[in-house]
Amino acid sequence: MRGLPAVHRLLSEPAVAGYESSLGRDAIKAIAQESLDRARAALVAGQRYDLERAFAAALEAAAAAQLQPVINATGILVHTNLGRAPLARAALDAAATIGAGYSNLEYDLGPGQRGSRYERVSARLARLFGAQDALVVNNCAAAVLLLLDTFARGRECIVARSELVEIGGGFRIPDVLERSGARLVEIGTTNKARLADVERALSPQTSLLLRTHRSNFSLEGFVEDLDSRELAALAQRSGVLLVEDLGSGAIVDMTAFGLPRERTVGAALADGVAVVAISGDKLFGGPQCGMLVGSALALGRMRGNPLLRALRVDKTTLAMLDATARLHESERTRLEIPLYAMLSASTDDLRRRGEAIVARTGHGRLVATRAAVGGGSLPGATMESTAIAIEANDADLFARRLRNARPPTIARIEERSVLLDLRSVQPHEDAALADALAASI
Ligand SMILES: *Cc1c(COP(=O)(O)O)cnc(C)c1O
């Protein structure tokens with residue numbers, strides 16, 4: 001045991017200094033203590049233990065586990081595991097300005113009295129989507145919860161079996177319905193739902209017709225879907241509310257980017273859907289939040305729900321959301337939202353950037369490939385892209401080396417080639433991508 005160094009000796013090793021900024025002194029101390037405890041246990045058990053190496057490896061693993069930027073070369077633009085939409089400069093600036101000090105978040109500067117947290121952003125979002133009113137909560141899951149809790153608690157909610165989805169992370173529509181105290185009334189079959197099915201299911205207990213976007217799968221073949229306009233008319237006649245969880249929520253016509261047509265928020269509202277719920281960090285390209293847009297009457301009732309207090313967003317989210325919404329107000333400024341810059345990049349642009357990286361590193365070759373929007377939008381749909389392909393003897397090993405590079409770079413593997421898809425890489429990341437690639441060869 002005497003052979004083991006004291007904690008402070010381990011801490012004075014030169015390699016430690018490099019971790020101080022990312023891990024902090026206390027975490028490093030705890031890792032040193034843990035490594036020493038292991039060494040002691042190994043000694044007692046008569047096993048060999050390379051303390052210095054184990055300590056260095058534990059520091060490296062702890063540093064890799066810190067929240068840090070990575071390069072998304074997967075070709076999936078809205079990647080939930082990688083933080084979804086990158087934020088626009090204007091959104092980040094707004095968060096910094098509002099977050100650094102006090103603001104009139106809930107204060108009306110005119111009379112010098114308490115004001116509303118949501119008023120400004122509600123007005124902007126309502127204008128943007130052509131809706132009467134809008135409300136913002138923590139994410140789209142919270143938006144759905146608020147919808148159901150407000151309108152369907154103790155009542156019946158009709159959902160087509162073809163839309164009883166699990167979105168991911170265990171968020172299943174039937175479970176959320178149950179949680180909110182609504183009674184689920186399923187209609188149709190897995191592949192077909194008709195207006196007559198809905199008509200039959202309506203009862204005095206019905207309060208909601210809920211539609212859900214099929215975010216992560218598509219139905220093909222012998223299928224039939226409900227028509228939103230007919231459904232809206234039926235809802236109106238029957239005095240129930242038609243609401244739609246659109247999830248990703250297309251803002252513009254996605255065919256402009258060579259993608260299939262996707263129902264936009266505006267189209268859903270125009271069809272007569274009373275309330276549409278969408279995510280802030282999917283196709284909107286903004287911060288994590290959930291937006292509810294639609295009829296003033298319905299949104300007024302949700303505003304009065306005490307649950308709203310538990311789902312509310314903070315000032316920096318509101319600042320980022322407002323700034324992002326402002327960028328959506330014209331085609332030109334929309335391109336300042338990173339997601340839309342990536343969606344609109346031409347394959348020529350991607351190829352030129354790829355050629356520069358290949359020339360700089362002397363590795364890989366360019367291949368035409370397909371990128372995906374991801375994030376539960378346009379399931380199965382892909383768009384033209386360009387990737388740097390690296391043929392490695394062991395593709396998994398090479399992908400792992402890229403993940404361990406600085407900055408960590410996430411590639412995808414196709415037919416034993418490692419692909420670095422440039423559509424999901426922002427141009428300002430190219431130099432770092434080249435460095436990571438060169439370091440991993
Ligand atoms: C992604 C998605 C959600 C969840 O959105 P979050 O903002 O992550 O809470 C809900 N519904 C649908 C249809 C989705 O695609």
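The values are calculated or read from the model by the stated rules, or taken from the named source; none is laboratory data. The structure displayed is predicted, hence computed values, not measured ones. Ideal geometry is used to build each Cβ from the backbone, glycine not excepted, and the neighbour counts take in all protein chains shown. The protein model used for the area step is the full one, side chains on, heavy atoms only, and it has no ligands, DNA or RNA in it. Shrake-Rupley method; radii C 1.70, N 1.55, O 1.52, S 1.80 Å.
Worth a mention:
- For segment 398-441, the list of GluC sites (Glu not before Pro) that fall in a loop by DSSP and count at most 15 other C-beta atoms within 10 angstrom reads 415.
- Within the same chain, lysines fewer than 8 places from residue 192 are excluded, and of the rest, none has a Cα less than 18 Å from its Cα.
- For segment 89-329: relative contact order, % (alpha-carbon pairs under 8 angstrom, 6 or more apart): 28
- Here is how the number arises for the chain: DSSP H runs of 4 or more residues each give -39500 (n - 2.57), the sum is divided by the residue count, and the result at 222 nm is -11500 deg cm²/dmol.
- For segment 89-329, share of DSSP beta bridges that run antiparallel, in % to the nearest 5: 40
- Straight-line cross-link reach from residue 282 at under 21 Å between alpha-carbon atoms covers these lysines, not counting any fewer than eight positions away in the same chain: 315.
- Relative contact order computed over segment 7-64 (Cα-Cα under 8 Å; 6+ residues apart), in percent: 39
- Distance (nanometres) between label positions extended 7 Å along Cα→Cβ at residue 312 and residue 103: 1.4
- For the chain, accessible area per residue (1.4 Å probe, heavy atoms of protein chains only), Å²: 49
- Which of 213, 428 is most accessible, then next, and so on - probe 1.4 Å: 428, 213
- Annotation: aspartates and glutamates with alpha-carbon distance below 15 angstrom to residue 29 (same-chain offsets under eight excluded): 13, 20, 37, 52, 60.
- Span-like helix ranges in the chain, DSSP H, alpha carbon extent 24 angstrom or more, Kyte mean at least -0.5: 25-44
- Over the chain, relative contact order from alpha-carbon pairs under 8 Å, at least 6 apart, %: 20
- Charge tally around residue 99: other residues with Cβ under 10 Å, Lys/Arg +1 each, Asp/Glu -1 each, net 0.
- To put it simply, the accessible area of the chain at a 1.4 Å probe is 50 percent carbon and sulfur.
- Exposed loop sites here mean trypsin sites (Lys or Arg not before Pro) with a DSSP loop assignment and at most 13 other beta-carbon atoms within 10 Å; the chain contains its longest site-free run at 49-260.
- Top of 144, 275, 198 by mean-square fluctuation, Gaussian network on the chain, Cα under 10 Å: 198
- Applying both filters, DSSP loop and at most 12 other Cβ atoms within 10 Å, to the chymotrypsin sites (Phe, Trp or Tyr not before Pro) of segment 70-127 gives 102.
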